[in-house]
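Here the structure comes first, spelled out in structure tokens, and everything after it is commentary.
The values are calculated or read from the model by the stated rules, or taken from the named source; none is laboratory data. Being a predicted model, the structure only gives us computed values, none of them experimental. Glycine gets a Cβ as well: all are built from the backbone with ideal geometry, and neighbour counts include every protein chain shown. Accessible surface is based on the protein model in full, side chains and every heavy atom, while ligands, DNA and RNA are left aside. Shrake-Rupley method; radii C 1.70, N 1.55, O 1.52, S 1.80 Å.
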Amino acid sequence: MPTYDLVIKSGTVIDGLRTPRYKADIGIAGGKIVSIGRIDASDAAEVVDASGKIVAPGVVDLHTHYDSQVFWDPWCTMSGWHGVTSVVIGNCGFGFAPCKPEDRERAMLSLSRNEAVPMKTMQAGMPWDWVTFPEFLESVDRTPKGVNVMAFVPLAPLYAYVAGVDQTKANRVTDAELDEMCRLLIEGIEAGGCGWSAQIAGELGNVQLDFDGTPMVTDCMTDREVTAFARALGSVGRGTVQLTGSLDVSALIARESGRPIIWNALLADGALNQHGAGEYAHRDALKQLAYYNEEEGLRIYAQALTTNFVSEFTFEDYNLLDTIPCWKEALLGTVEEKQAKLADPERRKAMRANVDERGGLFGSGYVMNDIKVNWISSDAPNAQEIKDRYEGWTIGEIAAREHKHPIDAMLDIAVAGDLKVGFATQMIVTPPESMKEIATSPVALPGVSDGGAHTKFVTTARYPTELIAYWVREHEIMSLEEAHWRLSYYPAVAAGLKDRGYLREGAPADVVVYDYERLDSGPQERLWDYPGGEMRLVQKAVGYDRIIVNGRTTFIDGECTDATPGKLLRHGTD
Ligand SMILES: [Zn+2]
């Protein structure tokens, strides 16, 4: 028997604890790091020459929606491509357990809009061999995984299971129902859930709505409900709460539970995400976070958006305009219904007025005239004609050429192509000084990945690569040692992933080896690799020599090895 399964030789080690970098070999055996130092690798089963390369802990991605994708994509890509070795699912209160068999369709419908996971894909790709949350964890456990997976207990399915979605939306819940939900929550946490999650975003300005355009069942949670769930978690004495909502509600939960909170999201001024501009000016948010944490002694982490924002969309299934009433209304229903509504000149009045009022800004804040006709699905009617006349042109150019309002220029093309026309926005670049202020603030966790969500529109799951290759290498907003601490150890602490997120002897060997000068995200590309033949927008990565999960290599230079060494991480026991 060789002493080591794998030795990473002569790399520059950054351990994730902000220790200054040093040169060392890392010896791995039985899935663990057994030695860091100078290693005789003569009897190692495999040796990787890492000279000139960085050797760092695998990234811990706290904000993902791979709750369905994990069943057909063991590596949870894009995350698996970008150095992520552990993901947390069940965010924002959305998920699939518990769920009665007769409610499965409804649960998938919700996710098809709030997180824009294609319906056909979920129907084709999920085993649905569970009812309860502990059974869901069992299912994830026996599914081959190329990353480690930990799960929040999402609250929306609990409401659906105990009280019914529509009943709760109409009347909220009785004391008995609330007690039963808290009992099931505790059962889920005892089975390995890492806490609970919810989106409490109200009715207005909410971009993650239910399939019918109404708020999600958690969006209108009352303080009574919030307090009950917070106390239930407190009674278990472990776990974290992920909240997509306000800082004040985060503080309420922290006080009532005594547990840490991960708050979404901290956005730099001038930044955009799929939710549009930030709810708070970032210095106000930082002040409020400082008050709650430093004065009051709460633990509220902030999930910070650390990627520049750019998106692609077709009007077949776009939900990121849901904050604007005329758009929300037009983009509900079947594709045929949407097409009819978008062709209707009466409805376009409000859309034109909205763009005119906002000085030519579209949706979350993109400059309307800079949006480009990017691609046309080959099965669209008039595909060749649209391609020849419009592909690569901006809406501004087309509007000028055809003497139309930009809204009409865009929608005429979309409708002519049965909504199978892809548009691309320009990149919104966050000023580096603003990014530095949020990304290096005391409680900031880089992200927001949203891996597995909004799969046709955004590629923010590239955030680990962008933090290292763009914000650190190009803009020097923090040291590389600090970047790895924020990418791995700090999020592991926030979510209670014990023993992961840093390199030390005896710890599980979740490791990345990469070329600091070469590291980068690839271009946006469309892949038709989702179940049901659905497309997704992705960005791959270049410069990762090795991605290693529990001691086994999952990717070599971006090529998947087909290894599935990932584990279900049961909180409190692993
Ligand atoms: Zn989310």
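A few comments on the model shown:
- Scanning segment 107-121 for residues that are away from the ligand (no atom under 16 Å from the Cβ), buried (at least 17 other Cβ atoms within 10 Å of the Cβ) and outside any loop (DSSP other than H, G, I, E, B) gives MET108, MET119, THR121.
- Per-region count, segment 143-187, residues crowded, with 21+ Cβ neighbours inside 10 Å, in a helix (DSSP H, G or I) and among the small types (Gly, Ala, Ser): 2
- Of note, THR64 satisfies the criterion of being open to solvent by less than 10 Å² (accessible area, probe 1.4 Å) and polar (S, T, N, Q).
- So VAL70, is it outside any loop (DSSP other than H, G, I, E, B), open to solvent by less than 10 Å² (accessible area, probe 1.4 Å), within 30 Å of ASP129 (Cα to Cα) and aliphatic (A, V, I, L, M): yes
- Selection of segment 150-185 for residues being touching an Asp or Glu at 6+ places or on another chain (Cβ under 6 Å) and either at positive phi or at pLDDT below 95 (or both) yields only ALA163.
- Residue within segment 47-57 that is within 16 Å of the ligand (Cβ to nearest atom) and either modelled with pLDDT under 95 or closer than 23 Å to LEU480 by Cβ (or both) present: no
- Any chance ALA24 is assigned to a loop (DSSP other than H, G, I, E, B) and of a type in the set (A, V, I, L, M, F, W, C): no
- Single residue of segment 201-220 satisfying the filter (touching a residue at least 60 places away in the same chain (Cβ under 8 Å) and crowded, with 24+ Cβ neighbours inside 10 Å) that is nearest to VAL153 (Cα to Cα): THR218
- Candidates ALA281, ALA304, ALA290 - the one that is at pLDDT 85 or above and closer than 17 Å to VAL249 by Cα: ALA290
- Answer from GLY188, GLY234, GLY245, GLY239 - the residue that is within 16 Å of the ligand (Cβ to nearest atom) and not β-branched (Val, Ile, Thr): GLY245
- PRO523 being open to solvent by 60 Å² or more (accessible area, probe 1.4 Å) and more than 18 Å from ASP15 (Cα to Cα): yes
- Residues in segment 261-270 that are surrounded by 21 or more Cβ atoms within 10 Å (Cβ to Cβ) and not polar (S, T, N, Q) were compared, and the one that is farthest from the ligand (Cβ to nearest atom) is ALA268.
- Qualifying residues in segment 239-260 (those that are open to solvent by 40 Å² or more (accessible area, probe 1.4 Å) and either in contact with a Phe, Trp or Tyr (Cβ under 6 Å, 6 or more places away or on another chain) or in a loop (DSSP other than H, G, I, E, B) (or both)) - the one farthest from ILE89 (Cα to Cα): GLY258
- Selection over segment 221-238 of residues that are crowded, with 24+ Cβ neighbours inside 10 Å and in a loop (DSSP other than H, G, I, E, B) gives a count of 1.
- Residue match in segment 306-326 (condition: open to solvent by 50 Å² or more (accessible area, probe 1.4 Å) and over 24 Å from the mean Cα position of the chain (by Cα)): yes
- Cβ-Cβ under 6 Å pairs, at least 6 apart or on other chains, segment 83-98 side closer than 16 Å to ASP141 by Cβ and within 11 Å of the ligand (Cβ to nearest atom), far side modelled with pLDDT of 95 or more and among the aromatic types (Phe, Trp, Tyr): ILE89/TYR66; GLY90/PHE152
- Output for segment 435-468, where each listed residue is of a type in the set (S, T, N, Q) and part of a loop (DSSP other than H, G, I, E, B): THR440, SER441, SER449, THR455, THR459
Every residue, every condition in (1) among the β-branched types (Val, Ile, Thr); (2) out of contact with any Asp or Glu (no Cβ under 7 Å at 6 or more places or on another chain); (3) open to solvent by 70 Å² or more (accessible area, probe 1.4 Å); (4) closer than 15 Å to TYR318 by Cβ, yes or no:
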site	(1), (2), (3), (4)
GLU336	no, yes, yes, no
ASP344	no, yes, no, no
ARG348	no, no, no, no
MET351	no, yes, no, yes
GLY360	no, yes, no, no
SER364	no, yes, no, yes
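- Boolean, ASP43 is modelled with pLDDT under 95 and either more than 16 Å from the ligand (Cβ to nearest atom) or of a type outside the set (Asp, Glu) (or both): yes
- Only one of the numbered conditions (1) open to solvent by less than 30 Å² (accessible area, probe 1.4 Å); (2) away from the ligand (no atom under 16 Å from the Cβ) is not met by GLY451, and that is (2).
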